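Here is the structure we will look at, set down as structure tokens.
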Amino acid sequence: MSALGSDSRVRASGRSLRRIWISSVAVLVAAIFFLGLLAASTHHFQRAVFEGTTSTHTKKASAVGELLVMKRQMTDPLVGVLYRLGGDEKAAVAKAEFDGLVVRFERALVVVEGLIENPAEEAHFGTALTVWDEVGVEIEKAWVNWNGETLADFLSQGEPPLMIPVWQRWTGIDNHLGDLQVEMSTTLETRADEVMSRLNVVGALVLGTVAVALLMAWMATRRLSRWVLRPLTEVSRAAQRLGESGAREPIAVPEGVAEVRELARVLSASAAALHESHGRLHTQAHVDSMTALPNRKAFLDRLGELVDGPGKVAVLFVDLDDFKHVNDSKGHAAGDELLRVLGLRLQAASRGCDIVARLGGDEFAVAMEVGEDPTAVVTVAERLRAALDAPVDLAAGRVRVGCSIGVAVTDDGTAPASAEELLGNADFAMYLAKNQGKNRAERYSVGLHAGVQARHELRNDLSMALERDQLVTYYQPVFALDSGELLGFEALVRWQHPERGLLLPESFLDLAEDSGAIIHIDAWVRDQACAMLAELRHHSPGQQMSVNLSPLDLASDGIVASIVATAERYANPPSNLVFEVTEGTAMTSTEGAAAALAELRQLGFHVALDDFGTGYSALRYLGELPADIVKVDRSFIHGPGSEQSCLLDSVVALVQHLGLHVVIEGIETPADLQRVSHYTGIAGQGFLFARPMPTTDALDYARHHAPIPSAAG
């Protein structure tokens, strides 16, 4: 109960809104009588002109507007249909969505057609219908005639020719429907002019009647003002004061009708409730509901205060490793539970004065004042990493996720101007930690940023290297070590960068794999290598060509068909081609990749394990791997001591016992050659015999070289 009194006091009031209203209406009866006579004389006119015109135009404008809205809704799925966004499967889904919208659009067309009133509107509508039918024809042409591969080829050169008629007509529909709207508006303006001319006649009668009504209304207004309007004004002012000050005092209305006093009482109670909810809203705006930690906004606000202060400030950006796997394998409820547990661990592992927040998703952040201890950041980062690395027992079972931490400090030379920049630097360092293998911390620095920026620029340049004809193939010979005979070449790629010169594969292949460009590069190298092999076979039909396959090649659809097509294009028998995969790729290949390697061997191609000894080196699996050649890494002949020699002897013996061929890589000195001199039936390659060379030099070398000195000699 407020200070204004109970409900019984309100009901006991002598003046109610009903009584005041009834007495005021009595004063207005005469004015209403005169206005009623005028209304009766103009009723037919208003109904025929105003209602008819307004209702019809409203229906027409609404119907045409709905057409335009529906057409805009169809644009996104139409783009997916025409350009096969996301592949044929997603394009099919988009087409189904588009077809459903077409049905709705055509129903709306029928509605608009029924509202057409004159030949001009009918002409615009007929043109729009014609263009709509043409759009449908063009869309079906594009859907039938352009598959994903053909469309991709044309898109790389510009807009495909079948798309242009679609978009021209698609835009034309808007124009014709717009013309229809303009024509409808013109019709409305014409009718409005007619209405205005008639209203002028009625105006004189209305003015006289209004004058009488105003006089009577003034008398009624005085009564309403005292008992209704003035108290309502007091209520409004009091409510405004409550909103500005947040005070909880009840609204006092000294006099007024019962209903206004009741309104004042309700507003007083509402003001008190709003004041209480304000605190809850403030909490929701600054606190993460899942972990009860400060959210991103609150974190940036408090971090900004620290950055503006005199001391050094550090931000630790924490991102969980493999959190998506928990959601996928155990469900989102388990993921939410894990976030709550790890949020508590972060609070416990940080210092009491540090600011711990959840930024969103699986990202957390810690802000701390560093002080004079330079190791404080490292200590806290390691403590956080260890805390999150420990297993977590959830209702769905035990899980374990590590974290990658990016660290940025205000004295790192970057002089961040804001909390957002400092957090962004820490975020950048976190991604570096991810790229370095996860479950580690990385500190931001200007030099580190510059290095990553340089690699980013190199990655952008690489995306255009093939188009700009900057890639070249080099070829390194492979020899039979016991006879000195040239067996063939290994195809290697180089990048003739316009600014950095000739780049070796280790400078850019990892970037190509990350971006997916390696698939296009490898396809180009295969084509160049097969053309080179065809030239070599004119002089020596038994020559072989080795070409590298990346894990992305093996994972791509149609890799075997692509290889077969390239070999057939240059009339190269499969037995003359060797495809090299690293030992790690072969050991960890997917079922599809393993099937691709097995199919290549069944077709007569050779498969070689490259860099054997640097990866898994699981000898017991050697006989099961899909390969018939093993290329032993150079580290086996460059390593010191007799133990390395014994290991090399064991590997060669085992490989030959399994019926596989052996190629020794990295033979660079006479001592290296002497080290493998006691083996028989093996091949080798290295700088001692020849370095990788361009195509012309390799062809000349193949025609005129003398056999190398045999290892036995």
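Using a 1.4 angstrom probe with every protein chain in place, what is the largest-first accessible-area order of Ser289, Ser575? Write down the numbers at each step before the final one.
Numbers: Ser289 115, Ser575 60 Å².
The residues order as Ser289, Ser575, largest area first.
Relative to a virtual label point 7 Å from the Cα of Ala534 in the Cα→beta-carbon direction, which members of segment 542-557 show backbone nitrogen distances below 16 Å?
545
With all protein chains present, calculate the accessible area of Trp146 using a 1.4 Å probe and round the result to the nearest 10 Å².
20 Å²
When a/c reaches 1.5 or more, the comparison of a/b and b/c decides; with that in mind, is segment 420-572 rounded, prolate or oblate per its Cα gyration tensor? Intermediate results must be reported in sequence, preceding the final value.
Values: a/c = 2.52, a/b = 2.36, b/c = 1.07.
Prolate is the answer for segment 420-572, as a/c is 1.5 or above and a/b outweighs b/c.
When all protein chains stay in place, what accessible area (Å², nearest 10, 1.4 Å probe) is found for Lys631?
Taking all protein chains as shown, Lys631 has close to 10 Å².
How many percent of the accessible area of segment 391-548 is carbon or sulfur, using a 1.4 Å probe?
Values: 3440 of 7260 Å².
That share works out to 47 percent.
Give the lysines reachable from Lys324 as a straight Cα distance under 19 Å; neighbours fewer than 8 places away on the same chain don't count.
Result set, ordered by chain and number: Lys434, Lys438.
What is the local net charge at Val399, summed over the other residues whose Cβ is closer than 15 Å to its Cβ (Lys, Arg +1; Asp, Glu -1)?
Neighbourhood net charge equals -2.
Round to the nearest 0.05 the FRET efficiency obtained for Glu457 and Asp557 when R0 = 35 Å and r is the Cβ-Cβ distance. Before the final figure, lay out each step's value.
Working: r = 32 Å, r/R0 = 0.91.
Efficiency, rounded to the nearest 0.05: 0.65.
Decide, for segment 492-536, between rounded, prolate and oblate: order the square roots of the alpha carbon gyration tensor eigenvalues as a ≥ b ≥ c, take rounded if a/c falls under 1.5, and otherwise choose prolate if a/b is larger than b/c, else oblate.
Note, shape of segment 492-536 comes out oblate.
As a test of reading the structure, rank His286, His456, His704 by solvent-accessible area (1.4 Å probe, protein chains only), most first.
Descending order: His704, His456, His286.
Let me check I've understood the local charge: for Gly343, count other residues with C-beta under 9 angstrom from its C-beta, Lys and Arg +1, Asp and Glu -1. What total comes out? Don't jump to the answer; show the numbers that get you there.
Numbers: positive: Arg340, Arg345, Arg358; negative: Asp288.
So the surrounding residues net to +2.
Quick one: accessible area per residue over segment 455-559, 1.4 Å probe, rounded to a whole number of Å²?
Working: 4710 Å² over 105 residues.
I get 45 Å² per residue for segment 455-559.
If we count every other residue with Cβ under 11 angstrom of Ala381's Cβ, Lys/Arg +1 and Asp/Glu -1, where does the sum land?
Numbers: positive: Arg383, Arg385, Arg440, Arg443; negative: Glu382, Glu442.
Spelling it out: positives minus negatives among the neighbours equals +2.
From the protein chains alone at 1.4 Å, what is the descending order of accessible area for Ser546, Ser445, largest first?
Numbers: Ser546 15, Ser445 40 Å².
Greatest to least solvent exposure: Ser445, Ser546.
The values are calculated or read from the model by the stated rules, or taken from the named source; none is laboratory data. Please read all numbers here as calculations on a predicted model, not as lab measurements. Positions of Cβ are backbone-derived with ideal geometry, glycine not excepted, and every protein chain shown enters the neighbour counts. Heads up: the accessible areas ignore ligands, DNA and RNA and are worked out on the full protein's heavy atoms, side chains in. Shrake-Rupley method; radii C 1.70, N 1.55, O 1.52, S 1.80 Å.
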